[in-house]
Amino acid sequence: MERPRHFEDIAVGEERRTNGRTITETDFVVHAGHTGDFFPHHMDAEFMKDSPFGQRIAHGTMTFAIGIGLSASEINPLSFTYGYERLRFPKPVFIGDTIHTVLTIARCEDDPKRKDYGRVTEEVRVKNQRDEVVMACDHIYLIERRNT
C-alpha cells in the first residue's frame, strides 16, 4: 500500500505491526545459495544437534532481509532509506518459527545535510511467535518536508 506522508506528518511513538511469516527449510537453502553462506550453524543438522541451540539457526542476514521485507506492506514515496544502525540478533530463529516486525518512530529531527528533508529514526523489532525479540535495529529514513 502506498501512503504518501511528509516529514511533518510523522510523530514520535507511532507504531506499526506487520503480518507474520513462517521460516522454512527452503528459506535456509535459498538464502545460503544467494549469499554463499553455507556455514554449518545454518546448514548442518548433525553439527548443531549437540550445540546449545540443539538445531540449525537462521542466517542473521536472512532474518534481517525477511524482517525488513515484511515492513514493505506500506510504502511512503516521499521517503527513502538512509541506512540501518545498531543491528543485533538477541535470540536465534529456527525453522518453523513465525516472525513479524514491530516498527516504532523513535526520533524526528532536521537532516543536517538536506534542508528539504527531515530525518526519521524508526526502531525495528523482529519478534517470534513467543513475542521474543530476535532482531533489533534502527532504520533511518530521509523524508521530504511539506514546504520545500
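The values are calculated or read from the model by the stated rules, or taken from the named source; none is laboratory data. Please read all numbers here as calculations on a predicted model, not as lab measurements. Every residue, glycine among them, receives a Cβ derived from its backbone with ideal geometry; neighbour counts consider all protein chains shown. SASA here: full protein model, heavy atoms, side chains in, ligands and nucleic acids out. Shrake-Rupley method; radii C 1.70, N 1.55, O 1.52, S 1.80 Å.
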**Prompt:** Relative to the first principal axis of the alpha-carbon coordinates of the chain, what is the inclination of helix 60-70, with its axis defined by its Cα atoms, in degrees from 0 to 90 and to the nearest 10?
**Reply:** 50
**Item:** the range 105-148, accessible area per residue, ligands and nucleic acids excluded (1.4 Å, Å²)
**Value:** 50
**Request:** Kindly work out what percent of the DSSP beta bridges joining two residues of the chain are antiparallel, to the nearest 5.
**Result:** 95
**Message:** With equal scatterers on the alpha carbons only and no solvent term, can you work out the Debye log10 of I(q)/I(0) for the chain at 0.09, 0.11, 0.19 1/Å?
**Reply:** -0.34, -0.48, -1.08
**Request:** Give me the accessible area of E25, 1.4 Å probe, in Å² rounded to the nearest 10.
**Result:** 80
**Message:** Can you give me the accessible area per residue for the range 53-103, using a 1.4 Å probe, in Å²?
**Reply:** 48
**Request:** Return the carbon/sulfur percentage of the accessible area of the range 1-51, one whole number, probe 1.4 Å, all protein chains in place.
**Result:** 53
**Fill in**
Taking a straight Cα-to-Cα line shorter than 24 Å from K91, and setting aside same-chain lysines fewer than 8 residues away, one finds K49, K127
**Request:** First select every other residue whose beta carbon is under 11 angstrom from the beta carbon of M62; then total the charges, Lys and Arg +1, Asp and Glu -1.
**Result:** -2
**Message:** I'd like the carbon and sulfur percentage of the solvent accessible area for the range 92-135, probe radius 1.4 Å, heavy atoms only, ligands and nucleic acids excluded.
**Reply:** 45
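About the Cα centre of the chain, how large is the charge dipole given +1 on each Lys and Arg Cβ and -1 on each Asp and Glu Cβ? Please answer in debye to the nearest 20.
Charge dipole of the chain: 240 debye, to the nearest 20.
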**Fill in**
Longest principal axis of the chain (C-alpha) makes with the long axis of helix 25-35 (C-alpha) an angle, in degrees to the nearest 10, of 70
**Residue-count net charge about A32 - beta-carbon cut-off 13 Å; Lys, Arg +1, Asp, Glu -1** = -3
**Message:** Sort K113, K127 by heavy-atom solvent-accessible area, probe 1.4 angstrom, most to least.
**Reply:** K113, K127
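Could you list the chymotrypsin sites (Phe, Trp or Tyr not before Pro) in the range 1-55 that lie in coil according to DSSP, counting only those with at most 16 other Cβ atoms within 10 Å of their Cβ?
Numbers: sites: F7, F28, F38, F47, F53; in loops: F38, F53.
In loop regions of the range 1-55 (DSSP not H, G, I, E or B), the sparsely surrounded chymotrypsin sites (Phe, Trp or Tyr not before Pro) are F38, F53.
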